[in-house]
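Values quoted throughout were computed directly from the atomic coordinates according to the rules given, and no laboratory measurement underlies them. What you see is a predicted model, and the numbers here were worked out from it, not measured in a lab. Here the Cβ is made from the backbone with ideal geometry for all residues, glycine too, and neighbour counts use every protein chain on show.
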Amino acid sequence: MKHHALEQLQAIAEVDRDHPEKLMSRNQRLERWAALLEQNPGQRLSTLPQTENQPVIARASMRADGSPMSIAFADPVFRAAGLANDSYGEAKRFFELTDRQLHRTICYCHFGATVSAATAAHYVRKASGRSRGFLAWLGNLFGN
C-alpha cells in the first residue's frame with residue numbers, strides 16, 4: 001500500500017473530510033464514548049471550571065489533561081472519524097451536544113475537580129437518550 005499526504009491526495013482526488021464521521025451516527029458516537037469511559041469506571045477524570053460562565057470562544061478552547069474528552073480523543077476510531085482534539089468545543093461539535101448536555105457531563109460545579117468515569121459515562125449516555133434503567137428513562141422523559 002502506498003501512503004500519500006492529504007495535500008497530495010487533494011491534487012488528484014476529491015477528499016471528503018466528513019466521510020469517516022458519517023459512518024457513525026450521533027448515538028453510536030455517544031454510546032462508544034460511554035463504553036470507553038466504562039472500561040475503567042472508577043477512574044477519576046478532570047472537570048472543567050465554570051463552563052457556563054465562559055465566553056463562547058474561551059469555552060470552545062477549554063480542555064484538561066485526563067478529562068472525559070481526553071478519553072474520547074485517545075480512541076483511534078474517533079480520531080479517524082474526525083475528532084480533532086480534546087477541547088470542549090470539539091467535543092460539542094463531534095458528539096453533537098448542546099452546551100447544557102456537555103456542561104452537565106464535565107463541569108466542575110457538578111462534581112468538583114474530578115468526576116468518575118462511570119458518572120461521566122452516565123451523562124454521556126443520557127445525552128443520547130439511552131440512559132440505562134427505568135428511573136433514567138423517566139429522567140430523560142422529563143428532561144432532568
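Tabulated data
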read-out	value
Rounded to whole Hz, the Karplus (6.51, -1.76, 1.60) HN-Hα couplings of the range 78-90, x for glycine and proline	5, 5, 5, 7, x, 6, 8, 6, 10, 7, 4, x, 6
Net charge of Cβ neighbours under 9 Å - reference F78; Lys, Arg +1; Asp, Glu -1	+2
Segment R26-I57, extension gain: residue separation times 0.36 nm, minus the distance between their alpha carbons	8.8 nm
Two-decimal Rg/Rh across the range 17-141, once Rg and the Kirkwood Rh are taken from alpha-carbon atoms	0.94
FRET efficiency, Q43 to N85 (Cβ-Cβ, R0 30 Å, nearest 0.05)	0.90
Low-density loop positions, trypsin sites (Lys or Arg not before Pro), the range 44-99 - DSSP coil, at most 13 other Cβ in 10 Å	none
